[in-house]
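Below: one structure, written as structure tokens.
The values are calculated or read from the model by the stated rules, or taken from the named source; none is laboratory data. What you are looking at is a predicted structure, and each value in this text was computed from that prediction instead of being measured. Cβ: placed from backbone, ideal geometry, glycine included. Neighbour counts: every protein chain shown. Accessible surface areas use protein heavy atoms only, side chains included; no ligands, DNA or RNA. Shrake-Rupley method; radii C 1.70, N 1.55, O 1.52, S 1.80 Å.
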Amino acid sequence: QAKAQGKNCYVVHNAELLNEMMDEYMLEVDLRKALENKEFVLYYQPQIHNNTGVLVGLEALIRWQHPTLGLIPPGKFIKLAEENGLITQIGEWVIDEACSQNKKWQDAGMMPVKISVNLSTQQFLTRNLISFMEEVLERTAIDPAYVVVEITEYMAMEYDYSIQVLEQLKTLGIGISIDDFGTGYSSLNYLKNFPIDYIKIDRSFVSELMNNEKDAIIVKAIITLAHNLHKEVIAEGVETKDQLDFLKNHQCDISQGYFFSKPLPADKIEKIYLVQR
Ligand code: C2E
Ligand code: MG
Ligand code: MG
Ligand code: MG
């Protein structure tokens, strides 16, 4: 009996694996066409200044409007795009779209906000990142003071090269943010040596803030550390009033999370959050 069941499980497992491989293969075929078919969209999540309640930034987050599967979140295709090298092109589209959209809003007379884009490992290490950035800044005519890039611990992999790229981004006038802070390794090292403007406290510390004393201690320490190094702190994944109050009480600068809003398409952001100058 047990043996039969075991065998049965084995077969099912294999069939599932095969299905998964087929799904991934088909997804990859579709992904290759997604750019030219204009199937990617950017959603934007508000970043709110804790003292004033004013909208100061928007994080651009990619989604894939798949013709039959519907709206696919980045968690389902970014890794695939990284594996097959499509990520650089997709990432360039993101930068272009985010800057163009922000400029459109500014030209329409909205109070200016900063737009943040996430850079993938490959994109960050691509040799032409800086020239691409220059080209986009020039073509869209966006003030670089309203552009921020979010990077993670991968920049530690090519230490000297990374510093060089970050310095060049700073020279262009672009802001730099460390995403998911506290989850990677050697984070303190790059706080010291890399030209960083913002630290984003990872959602995993914020979500347990009220029930786990250790998370509270870590969050407080990150805020103090960041401020002493003259960097601003953004808390990600703020979902409750209690979390927000804690963050405000401990001088965290900016909050982002479902408590304020989920990421929304551009037209909704414009209607709900942007205000005329
Ligand atoms: P991330 O950069 O850390 O972005 C924050 C993620 O947390 C977003 O998920 C956002 O929707 C989600 N989030 C924000 N507030 C809350 C909250 O209060 N509660 C919960 N449970 N979640 C919250 P999303 O949009 O699915 O993006 C996931 C990740 O995919 C991003 O993490 C980022 O690493 C990556 N990603 C998104 N867009 C791009 C892109 O254009 N290029 C690259 N390379 N990566 C991207
Ligand atoms: Mg991010
Ligand atoms: Mg993040
Ligand atoms: Mg994250």
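Cα-Cα over 29 Å: which of LYS38/LYS104; LYS192/LYS262; LYS214/LYS248? Walk me through the numbers before you get to the answer.
Numbers: LYS38/LYS104 19 Å; LYS192/LYS262 33 Å; LYS214/LYS248 18 Å.
From the list (LYS38/LYS104; LYS192/LYS262; LYS214/LYS248), the Cα-Cα distance tops 29 Å for LYS192/LYS262.
What longest range of the chain stays clear of loop-exposed chymotrypsin sites (Phe, Trp or Tyr not before Pro) (DSSP non-H/G/I/E/B, at most 14 other C-beta within 10 angstrom)? Spell out each step's value before the answer.
Details: sites that count: TYR185, TYR258.
Within the chain, the longest run free of exposed chymotrypsin sites (Phe, Trp or Tyr not before Pro) spans 1-184.
Of all the accessible heavy-atom surface of the chain, with the other protein chains kept in place and a 1.4 Å probe, what percent is carbon and sulfur? Please list the in-between numbers first.
Numbers: 7680 of 14530 Å².
The computed percentage sits at 53.
How much net charge surrounds GLY70 when only other residues with a Cβ under 12 Å from its Cβ are counted (Lys, Arg +1; Asp, Glu -1)? List each step's numbers first, then the result.
On the way: positive: ARG63, LYS76; negative: GLU39.
Value of the local net charge: +1.
Would you mind computing, in nm to one decimal, how far apart the modelled labels at THR224 and MET210 are, each placed 7 Å from Cα along Cα→Cβ?
About 2.4 nm separates the two model spin labels.
Between LYS192 and GLN89, what FRET efficiency follows from the Cβ-Cβ distance if R0 is 35 Å, with the result rounded to 0.05? Provide the component values of the computation, followed by the final result.
Working: r = 34 Å, r/R0 = 0.97.
The value I calculate is 0.55.
Shape call for region 24-175 from the C-alpha gyration tensor, a ≥ b ≥ c root eigenvalues: rounded (a/c under 1.5), prolate (a/b greater than b/c) or oblate?
oblate
Just add up the charged neighbours of TYR161: K/R +1, D/E -1, any other residue whose Cβ is under 13 Å from the Cβ of TYR161. Display every interim value, and only then the final one.
Values: positive: ARG127; negative: GLU158, ASP160, GLU167.
Combined, the nearby Lys, Arg, Asp and Glu give -2.
So which trypsin sites (Lys or Arg not before Pro) in region 33-107 pass both tests, a DSSP loop state and at most 11 other Cβ atoms within 10 Å of the Cβ? Present the calculation step by step, with values, prior to reporting the outcome.
Working: sites: LYS33, LYS38, ARG63, LYS76, LYS79, LYS103, LYS104; in loops: LYS38.
Those satisfying the criteria are LYS38.
Quickly work out the ARG127-to-GLN251 label distance, labels modelled 7 Å from Cα along the C-beta direction, and quote it in nm with one decimal.
4.6
Keeping all protein chains in place, calculate the accessible area per residue for the chain (probe 1.4 angstrom), answer in Å².
52
In the chain, if the dipole is taken from +1 on Lys/Arg beta carbons and -1 on Asp/Glu beta carbons about the Cα centre, which of PHE77, LEU188, ALA221 is farthest to the positive end?
In the chain, that residue is ALA221.
Could you name the aspartates and glutamates in cross-link range of LYS170, using Cα to Cα under 15 Å and dropping any fewer than eight places away on the same chain?
GLU134, ASP143, GLU150, ASP197
Taking a label point 7 Å from the Cα of ASP267 along the Cα→Cβ vector, which residues of region 14-40 have an amide N closer than 12 Å to it?
none
What FRET efficiency do you get for ASN19 and VAL41 if R0 is 30 Å and r is their Cβ-Cβ distance, rounded to the nearest 0.05?
Working: r = 28 Å, r/R0 = 0.92.
In this case the efficiency is close to 0.60.
Nearest 500 deg cm²/dmol is fine: what mean residue ellipticity at 222 nm does the chain get from its DSSP H runs of n ≥ 4 alone, each adding -39,500 (n - 2.57), divided by its residue count? Numbers along the way, then the final one.
Details: 11 runs with 135 residues, N = 277.
Dividing the helical sum by the residues of the chain leaves -15000 deg cm²/dmol.
Please give the residues of region 184-224, grouped as numeric ranges, whose backbone N is less than 13 Å from a label point set 7 Å along the Cα-to-Cβ vector of ASP242.
Backbone N within reach: 207-213, 216.
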